[in-house]
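Structure first, commentary second.
The values are calculated or read from the model by the stated rules, or taken from the named source; none is laboratory data. As the structure is a prediction and not an experimental result, all values here were calculated from the model. Note: ideal-geometry Cβ built from the backbone for every residue, glycine included; neighbour counts use all protein chains shown.
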Amino acid sequence: MSIFSGLLGRTRSLRLSRLGQDGTEIRPDKALVPAASIAGRALVTVVAIMTFLASLTAGGAIMIADASRGWQDQVAHEMTIQIRPTGGRDIEADADKAAQIARKTSGVAAVRPYTKVQSEALLEPWLGSNLDLSELPVPRLIVVALDPETRLDAAALQRRLAEAVPGATVDDHRLWIERLAIMAKTVVLAAAVIFALVLTAMFLAVAFATRGAMAGNREIIEILHFVGAADDYISRQFQRHFFRLGLRGGALGGGAAIVAFFAASTLSNWLRATPSGDQVDVMFGDFALGPNVYGAIILIAACIALVTGFVSRVIVFRHLRDLT
Amino acid sequence: MVRFENVGLRYGMGAEILKDISFSIEPQSFQFLTGPSGAGKTTLLRLILLSLRPTRGLITLFGRDALSLDKGAITDLRRRIGVVFQDFRLLDHLTTYENVALPLRVRGKDEASYRGEVMELLRWVGLGDRMHILPPVLSGGEKQRAVIARALIVRPELLLADEPTGNVDPNLARRLLRLFTELHKSGTSVVIATHDLGLMDQFDNARRLVLGDGRLHIFD
């Protein structure tokens, strides 16, 4: 028997079961911070946009890093021997000799000399197709595919070629590889900076929204204090609310980013047989978005929701401390 | 239980609105805090509740120096105090039931453990059929009763009531005063701030703390 019925002698039938079974009437988990008092829709939109931009940045960086690795692998497994025409020498014979030397070298998987016609065809994009190139000293190229299992001694090959074929040079593409590596690192670094800026902007937006919510709910906070709520309890009320907003914004932004990447991938497949599709293929491979890109987007959305809740909690704690 | 020694309060650089306030509230005591409107009754209650800090003096609450407590300790002390605000201070987006259950909810109690008691108290204060109504729909008297129920639900050691009968009819005022006296008999110290002489006359034995010109006069 409770204190009230005991004190006042007014024990009444409580009819608990009727009320208890009515889930719409008693709401023990009803939010203490009214959702309408927080600029929720605006914050969800901001978080969604930020998540979308962060996902695009991260996805783009991952894609370029993957493509860069592909380019580097591709280039690193090839080298080129160039035979420059020199006076009094038969360039065809020199090319054959250089190809034979390359074939006999350990670490070479395949040798593909370019014929005169093929070499001249390489100049067509720059000089046009109607030009007679027979008078020009067009160098001859020999593409050497390297055996990934055996290490090639490029210096020794260079020496042997220099002795047998004056005017032959070996290009192992190291300069290209280094430039590609630098470019890829620069792109990834730029993406990281953009990502950090986007996250900072989002944190600030969440912080402003939390401060606004705290100011708008000052009386509620005061009442909660008076009825014995600890700061931790009050901050959890706000954190839960902002976490939900962050989750919604993250899901929307991340979902939009996944759709955008999926649409780009589909478009790339449609354009595959066209010249512009070939350009995209050259730049980004087959534009295949692996699970790592989708995983990163989901991770970003989840992190953003967590961070939104955490930032609001920190702001609420500071605000409550200032109230004291 | 509560001890004020030479407590003074001023806002900013203004004049002191409470001067050299010294009194104590003993366990299981009953007192009216009275005085004209604007005398500082609500301010004095806020000082007891530690929602205001005095500019000078010493406040001891439940045997502890209240001015050197951290926030956690202040929360613990507040949990031993029930408070009835003059301006109700109900959360408009929660139902009457949820408002009354709020002090138990913020203590982390399971809803099933207090449901019966909250409903019983609501029925006793005449709000049995208004449990699931939001405060904006309640009348002034109903809000007052809801606030009183919210203060009583935790069975506080000290009850501070600021004009608790200001918005109810005389019949209900008597009933509420009876509740306060019964609560006092069960061991709760009660401080009722009021300027209703009729209410005070119903309980002649109570101590009267009279505020005037910023000073407190005690009539035992």
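Inspect all residues belonging to segment B:62-78 and state whether any of them is within 22 Å of B:Glu142 (Cα to Cα) and within 16 Å of the chain's Cα centre (by Cα). Scanning segment B:62-78, I find no residue that is within 22 Å of B:Glu142 (Cα to Cα) and within 16 Å of the chain's Cα centre (by Cα), so the answer is no. For segment B:196-205, the condition of being touching a residue at least 60 places away in the same chain (Cβ under 8 Å) and over 29 Å from B:Ile17 (Cβ atoms) holds for at least one residue.
Note on segment B:59-96: residues that are within 7 Å of another protein chain (Cβ to nearest Cβ) and not in a loop (DSSP other than H, G, I, E, B) total 5. Among the residues making up segment A:113-152, those that are among the charged types (D, E, K, R) and either in contact (Cβ under 8 Å) with a residue 60 or more places away in the chain or surrounded by 13 or more Cβ atoms within 10 Å (Cβ to Cβ) (or both) are A:Lys116, A:Glu120, A:Arg140, A:Asp147.
Residue pairs whose Cβ atoms lie under 6 Å apart, sitting 6 or more positions apart in sequence or on different chains, and linking a residue in segment B:10-38 that is more than 12 Å from B:Val210 (Cα to Cα) to a partner that is surrounded by fewer than 12 Cβ atoms within 10 Å (Cβ to Cβ), are B:Gln28/B:Gly187.
Yes/no per residue for (1) without any contact (Cβ under 8 Å) to a residue 40 or more places away in the chain; (2) under 26 Å from A:Thr51 (Cα atoms); (3) within 14 Å of chain B (Cβ to nearest Cβ); (4) part of a helix (DSSP H, G or I):
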{"residue": "A:Glu178", "(1), (2), (3), (4)": "yes, no, no, yes"}
{"residue": "A:Lys185", "(1), (2), (3), (4)": "yes, yes, no, yes"}
{"residue": "A:Val188", "(1), (2), (3), (4)": "no, yes, no, yes"}
{"residue": "A:Thr200", "(1), (2), (3), (4)": "yes, yes, no, yes"}
{"residue": "A:Phe203", "(1), (2), (3), (4)": "no, yes, no, yes"}
{"residue": "A:Met214", "(1), (2), (3), (4)": "no, yes, no, yes"}
{"residue": "A:Leu224", "(1), (2), (3), (4)": "no, no, yes, yes"}
{"residue": "A:Phe243", "(1), (2), (3), (4)": "no, yes, no, yes"}
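The helices (runs of 4 or more DSSP H) found entirely in segment A:1-99 that carry 2 or more residues being surrounded by 14 or more Cβ atoms within 10 Å (Cβ to Cβ) and at pLDDT 85 or above are A:40-76. When the residues of segment B:117-142 are filtered to those that are surrounded by fewer than 16 Cβ atoms within 10 Å (Cβ to Cβ) and part of a helix (DSSP H, G or I), the one that is farthest from the other protein chains (Cβ to nearest Cβ) is B:Gly140. The listed residues are B:Ala173, B:Ala149, B:Ala101, and the only one of them that is within 13 Å of chain A (Cβ to nearest Cβ), within 29 Å of B:Gly40 (Cβ to Cβ) and touching a residue at least 12 places away in the same chain (Cβ under 8 Å) turns out to be B:Ala149. Restricting attention to segment A:126-155, the residues that are in a helix (DSSP H, G or I) and within 23 Å of A:Glu78 (Cα to Cα) total 2.
Quick check on my filter: what residues within segment A:117-139 are within 41 Å of the chain's Cα centre (by Cα) and either farther than 21 Å from A:Ala168 by Cβ or not hydroxyl-bearing (Ser, Thr, Tyr) (or both)?
If the condition is that a residue be within 41 Å of the chain's Cα centre (by Cα) and either farther than 21 Å from A:Ala168 by Cβ or not hydroxyl-bearing (Ser, Thr, Tyr) (or both), then A:Gln118, A:Glu120, A:Ala121, A:Leu122, A:Leu123, A:Glu124, A:Pro125, A:Trp126, A:Leu127, A:Gly128 are the ones that fit.
Restricting segment B:181-219 to residues that are assigned to a strand (DSSP E or B) and surrounded by 21 or more Cβ atoms within 10 Å (Cβ to Cβ), the residue that is farthest from the other protein chains (Cβ to nearest Cβ) is B:Leu216.
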